[in-house]
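The values are calculated or read from the model by the stated rules, or taken from the named source; none is laboratory data. Please read all numbers here as calculations on a predicted model, not as lab measurements. For neighbour counting, all protein chains shown are included, and Cβ atoms are generated from backbone atoms with ideal geometry for every residue, glycine included.
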Amino acid sequence: MARGRATRIASELKKEMSDILQNELKDPRVKGIPSITGVEVSRDLRHAKFFISVFGSKDDKEQTFKALEKAKGFIRTEIGQRIRLRHTPEIHFEEDHSLEYGARISEVLRKLEKGQEE
């Protein structure tokens, strides 16, 4: 039962974080296109780990994660106002490489397909 609640809260956190990144965060260091690929919430709902993928150069990724770390307090406050929980979870960011990995696999498959056609 508790795991179901954590899953629902993780889903809500993902939705709200996406909205905050798109509409509220005005930091010019956020470059590329940051997207939230997943959220893990601890059993006690005190910690939330956001998996973020950033399309762009390595420098863009570094700048984006620096900006997100700097804005943790603002983001946590926004989430606390939007979602009524007893305790607003501590926010942690992790870089997710799955989108890059998927794009690389697609590129390799396209090259293989071209090689077979010739």
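Does PRO89 satisfy the criteria of being more than 14 Å from the chain's Cα centre (by Cα) and under 23 Å from GLU16 (Cβ atoms)? Against the criterion (more than 14 Å from the chain's Cα centre (by Cα) and under 23 Å from GLU16 (Cβ atoms)), PRO89 qualifies. Scanning segment 46-101 for residues that are at pLDDT 90 or above and aromatic (Phe, Trp, Tyr) returns PHE50, PHE51, PHE65, PHE74, PHE93. Scanning segment 83-98 for residues being free of Cβ contacts under 8 Å to residues at least 24 places away in the same chain and either surrounded by 11 or more Cβ atoms within 10 Å (Cβ to Cβ) or touching a Phe, Trp or Tyr at 6+ places or on another chain (Cβ under 9 Å) (or both) gives a total of 1. Can ALA103 be described as surrounded by 17 or more Cβ atoms within 10 Å (Cβ to Cβ) and aliphatic (A, V, I, L, M)? So ALA103 does not fit the description; no. Suppose we keep only residues that are surrounded by fewer than 17 Cβ atoms within 10 Å (Cβ to Cβ) and of a type in the set (Gly, Ala, Ser) within segment 27-66. Which one would you say is nearest to ARG5 (Cα to Cα)? Filtering first and then ranking leaves SER42. Taking segment 76-118 as the range and being of a type in the set (Lys, Arg) and in contact with a helix residue (DSSP H, G or I) (Cβ under 8 Å, 6 or more places away or on another chain) as the test, only ARG82 passes. Figure legend. Inter-residue proximity from segment 99-113: first residues under 21 Å from ILE36 (Cβ atoms), second residues surrounded by 10 or more Cβ atoms within 10 Å (Cβ to Cβ) and small (Gly, Ala, Ser), beta-carbon distance below 7 Å, spacing 6+ or different chains. Indicated pairs: LEU99/SER53.
Where strands (runs of 3 or more DSSP E) fall wholly inside segment 29-118, the ranges with 1 or more residues that are of a type in the set (Asp, Glu) are 33-41, 90-95. Beta carbons closer than 8 Å, at least 6 apart along the sequence or on distinct chains, pair a first residue in segment 54-82 that is within 12 Å of PRO28 (Cα to Cα) with a second that is assigned to a helix (DSSP H, G or I) for LEU68/ILE75.
Looking only at residues in segment 1-26 that are among the acidic types (Asp, Glu) and surrounded by fewer than 15 Cβ atoms within 10 Å (Cβ to Cβ), which one is modelled with the highest pLDDT? Spell out the reasoning first.
So the first thing to find is which residues in segment 1-26 are among the acidic types (Asp, Glu), and the list is 12, 16, 19, 24.
Okay, now just the ones that are also surrounded by fewer than 15 Cβ atoms within 10 Å (Cβ to Cβ), so 19, 24.
Numbers: ASP19: 90, GLU24: 86.
Checked segment 1-26; the qualifying residue modelled with the highest pLDDT is ASP19.
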